[in-house]
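Remarks on the structure that follows.
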Amino acid sequence: MIEAEIYKELGELTKNKDRWKDEIPYVKSLLDNESVKIKAKALWLLGEMGLLYPADVRDSVLKIVPYLDSSVPLLRERAVNALGRIGRGDFNIIKPYWDELFRFASDKEPKVRLSFIWASENIATNTPDIYCGYMTVFEKLLYDADDIVRMEAPEIFRVLGKRRPDFVRPFERELKTISESDNNRVVRIHCLGAIKTLMKKTAG
């Protein structure tokens, strides 16, 4: 099939979750496709499949990981995101590669840094304890030069503040300052959301 046909097929498959488990091997095979567009879509879909069926994508992870080193930013972005989604389903499956994800906090491409935050939020949802001692990585992202990264960075503080408030409490004053001073409205709102979550946990 040509690229357009495969992409359309993947779009239809995305909507039909009942087929996901059976189609994992096929989607995995598309990681060998020559098209960047197809590989990117396959990486994204494997991540979504892995959230629902983590055990069934275990073998696919070995084909996802090499894309972390891709020279194509979109493929790095999608590989990081896929590992985050799979890691939310079952952290043990992506555990060998978890430390490696932190290098993407300083990737030269903003969308890859953004995917690192998304992946971390996903993993932290069900496996928060592993982020103890890593909070300064996310603190630096609060001051990222790119707005899309700064808008998302406070969200990891919200996710962890709900589950492990002690991890976030040392940054409460800093989040408050940003919520009052950042020139981006969404950044301010998200920082305030993280603070409110922390306050609810403290009050509770």
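The values are calculated or read from the model by the stated rules, or taken from the named source; none is laboratory data. No experiment lies behind these values; they were computed from the predicted model shown. Note: ideal-geometry Cβ built from the backbone for every residue, glycine included; neighbour counts use all protein chains shown. Surface areas here come from the heavy atoms of the whole protein model, side chains and all, with no ligands, DNA or RNA. Shrake-Rupley method; radii C 1.70, N 1.55, O 1.52, S 1.80 Å.
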**OP:** Just name the residue that is least open to solvent (accessible area, probe 1.4 Å) out of those in the range 32-71 that are under 15 Å from G89 (Cα atoms) and among the charged types (D, E, K, R).
**Re:** E48
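Being farther than 21 Å from R76 by Cβ and either of a type outside the set (A, V, I, L, M, F, W, C) or in contact with a His (Cβ under 6 Å, 6 or more places away or on another chain) (or both) is the filter here, so list the residues in the range 117-152 that pass it.
Our first condition is that a residue be farther than 21 Å from R76 by Cβ; within the range 117-152, this holds for 125-133, 135-136, 139, 142-143.
Answer for the range 117-152, where residues must be farther than 21 Å from R76 by Cβ and either of a type outside the set (A, V, I, L, M, F, W, C) or in contact with a His (Cβ under 6 Å, 6 or more places away or on another chain) (or both): T125, N126, T127, P128, D129, Y131, G133, T136, E139, Y143.
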Original post:
Take the residues of the range 180-199 that are under 22 Å from F116 (Cα atoms) and touching a Pro at 6+ places or on another chain (Cβ under 8 Å): which is most open to solvent (accessible area, probe 1.4 Å)?
Top reply: H190
Original post:
In the range 90-121, what count of residues is obtained for those that are surrounded by 24 or more Cβ atoms within 10 Å (Cβ to Cβ) and farther than 11 Å from V149 by Cβ?
Top reply: 3
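So is E155 part of a helix (DSSP H, G or I), exposed (fewer than 15 other Cβ atoms within 10 Å of the Cβ) and out of contact with any strand residue (DSSP E or B) (no Cβ under 7 Å at 6 or more places or on another chain) or not?
The answer is no for E155.
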Original post:
Does R188 meet the test of being closer than 22 Å to D144 by Cα, assigned to a helix (DSSP H, G or I) and in contact with a Ser or Thr (Cβ under 6 Å, 6 or more places away or on another chain)?
Top reply: yes
Original post:
Taking the range 136-146 as the region of interest, how many residues are farther than 19 Å from N81 by Cα and either surrounded by fewer than 17 Cβ atoms within 10 Å (Cβ to Cβ) or of a type in the set (S, T, N, Q) (or both)?
Top reply: 5
Original post:
Picking from F171, F167, F138, which residue would you name as being assigned to a helix (DSSP H, G or I), on the phi < 0 side of the Ramachandran plot, of a type in the set (F, W, Y) and in contact with a Cys (Cβ under 8 Å, 6 or more places away or on another chain)?
Top reply: F167
Original post:
Being among the aromatic types (F, W, Y) and over 18 Å from W98 (Cβ atoms), is that true of even one residue in the range 54-69?
Top reply: no
Original post:
What residue, of R88, R76, is charged (D, E, K, R), at pLDDT 95 or above, part of a helix (DSSP H, G or I) and under 19 Å from E155 (Cβ atoms)?
Top reply: R88
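Out of the residues in the range 122-131 that are assigned to a helix (DSSP H, G or I) and touching a Gly at 6+ places or on another chain (Cβ under 9 Å), state the one that is least open to solvent (accessible area, probe 1.4 Å).
I123
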Subject >> V168, sole failed condition from (1) β-branched (V, I, T); (2) open to solvent by 40 Å² or more (accessible area, probe 1.4 Å); (3) more than 17 Å from the chain's Cα centre (by Cα) >> reply: (2)
